[in-house]
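Here the structure comes first, spelled out in structure tokens, and everything after it is commentary.
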Amino acid sequence: GGDMSGRAEDPEGLASEWDGTDHFPFRHIERSRKIWVASVNGLCHAGGMDLVLHCDVAVASDRARFRVPELLRGIPDPFMAARLAEAVGVARARYLFFTAAEIGADEALAMGLVGAVVPHEDLAAHTEWVLEQISLTGPAARAAVKRDLNARLPMADVGLFHRSMMSAEMREGMAAFVEKR
């Protein structure tokens, strides 16, 4: 997830670009010609969920746990809002957003959040297999399919985050997170 303490480092200078949110790299994943593979071996909350939702392929260990806790902190994540409903459907997205419930890997698979769940001890080997299979496909063809699939996705309303930034609710939520209360 993002650094909610406000002390994030920015060695690449992303904060000075036109969209300085912590989530800027997620757009780069979607725009990249390369196929991005997420391999989830434990907790996958908040920004980790954003990462899974923006990667092209997601594989999870049977021990993986998923959660959307942003609303507990008063943070309306526009990237999560734009991608979660597309991945799991509106009813399930609402459930995950509004309850902040943690779900297991099998439930994440059943709702379409990840493409495969494997035994924890097989995760690395299966991820390598996925990468090998991807490498067998034609680079131009897979880039074209990725571009076509991603063109169907809705744009994230970055203003959703910016309009809430520094609201009393968001400041309190972030303080509660940092202070672990």
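Overview of values
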{"quantity": "Test: residue in the range 117-128 that is at pLDDT below 95 and open to solvent by less than 70 Å² (accessible area, probe 1.4 Å)", "calculated": "no"}
{"quantity": "Filter result (free of Cβ contacts under 8 Å to residues at least 40 places away in the same chain and open to solvent by less than 50 Å² (accessible area, probe 1.4 Å)) within the range 66-89", "calculated": "68, 69, 70, 80, 84, 85, 87, 88, 89"}
{"quantity": "Answer residue from the range 135-153, given it is open to solvent by less than 50 Å² (accessible area, probe 1.4 Å) and under 21 Å from the mean Cα position of the chain (by Cα) and is nearest to residue 33 (Cα to Cα) among those", "calculated": "143"}
{"quantity": "Test for residue 97: is it of a type outside the set (Asp, Glu), assigned to a helix (DSSP H, G or I), under 28 Å from residue 180 (Cα atoms) and modelled with pLDDT under 90", "calculated": "no"}
{"quantity": "Subset of the range 49-65 (residues that are open to solvent by 20 Å² or more (accessible area, probe 1.4 Å) and assigned to a helix (DSSP H, G or I))", "calculated": "51, 53"}
{"quantity": "Lone unmet requirement of (1) on the phi < 0 side of the Ramachandran plot; (2) open to solvent by 20 Å² or more (accessible area, probe 1.4 Å) for residue 96", "calculated": "(2)"}
{"quantity": "Given (1) among the hydroxyl-bearing types (Ser, Thr, Tyr); (2) touching a residue at least 24 places away in the same chain (Cβ under 8 Å); (3) farther than 21 Å from residue 43 by Cβ, index of the condition residue 127 fails", "calculated": "(3)"}
{"quantity": "Pair list, Cβ under 8 Å, 6 or more apart: the range 32-57 residue at positive phi, other residue in a helix (DSSP H, G or I)", "calculated": "46/70"}
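The values are calculated or read from the model by the stated rules, or taken from the named source; none is laboratory data. Predicted model, so just to flag it, every value in this text is computed and none were measured. Quick reminder, even Gly has a Cβ in these numbers, built from the backbone with ideal geometry, and neighbours come from all protein chains shown. With ligands, DNA and RNA removed, areas are computed over all heavy atoms of the protein, side chains included. Shrake-Rupley method; radii C 1.70, N 1.55, O 1.52, S 1.80 Å.
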